[in-house]
Amino acid sequence: MNKILLSAIVGLITLSFMQGAETQNQPEAGRPAPDFSLTTSDGSQVSLKDYRGKWVVLYFYPKDFTSGCTMEARNFQRDLAKYQDADAVILGVSVDTAQSHKDFCAKEGLNFKLLADPDAKVSTEYGSVMDYKGAKLASRNTFIINPQGEIAKVYTGVKPADHSEQVLKDLGELKKG
């Protein structure tokens, strides 16, 4: 019974997050991906252009240490070797601080980069920001970016449970070309 109640609450929260995200315009497939430079969980700076020549899975998520975000991150970590085999990198973005990302990575054993976007500038450029109780959070959207730096696929209102499998499947199709 508690699991059903918890699922209903998570669903309502996710729905409220998604409602704010639906009114934004995300960069479209076939367009250049907006470049950025953000701080990683290890304190270094990363720019999108650093990954030219590779496929990039750029995923936006609301908050470290929350149930849906933890599930999504764990699933990307579970499938990390498959992404590496596909010559793809995973970059997660939220408005949390680099220190929060460092703690989240340590707790969950994450071996991919989480990027801090505390002013929500990059989240906004990607049409992936929402207001939640007066605070700006990243909304749950993902972008596959091809080796030329163009948006190849856009996912909005992502469901964390099966998202990584879907991204891997679509990445395989995109690579076939």
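The values are calculated or read from the model by the stated rules, or taken from the named source; none is laboratory data. Treat the numbers as computed from the prediction; the structure is a model and nothing was measured. Cβ: placed from backbone, ideal geometry, glycine included. Neighbour counts: every protein chain shown.
Summary of computed values
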{"read-out": "Candidate set from segment 34-91 (those that are touching a strand residue (DSSP E or B) at 6+ places or on another chain (Cβ under 8 Å) and among the aromatic types (Phe, Trp, Tyr)); member that is nearest to Val154 (Cα to Cα)", "value": "Tyr59"}
{"read-out": "Qualifying strands (runs of 3 or more DSSP E) (wholly inside segment 79-177; at least 1 residues being within 15 Å of Trp55 (Cβ to Cβ) and touching a residue at least 40 places away in the same chain (Cβ under 8 Å))", "value": "88-94, 113-116, 142-145, 151-155"}
{"read-out": "Which listed residue, of Lys121, Lys133, Lys107, is at pLDDT 95 or above, farther than 22 Å from Arg78 by Cα and surrounded by fewer than 18 Cβ atoms within 10 Å (Cβ to Cβ)", "value": "Lys121"}
{"read-out": "Test result for Asp64, within 12 Å of the chain's Cα centre (by Cα) and either assigned to a loop (DSSP other than H, G, I, E, B) or hydroxyl-bearing (Ser, Thr, Tyr) (or both)", "value": "yes"}
{"read-out": "Residues satisfying the stated conditions in segment 33-45, i.e. over 10 Å from Ala116 (Cβ atoms) and surrounded by 12 or more Cβ atoms within 10 Å (Cβ to Cβ)", "value": "Ala33, Pro34, Asp35, Phe36, Ser37, Asp42"}
{"read-out": "Selection from segment 88-104 of residues that are surrounded by fewer than 23 Cβ atoms within 10 Å (Cβ to Cβ) and in contact with a Pro (Cβ under 8 Å, 6 or more places away or on another chain)", "value": "Thr97"}
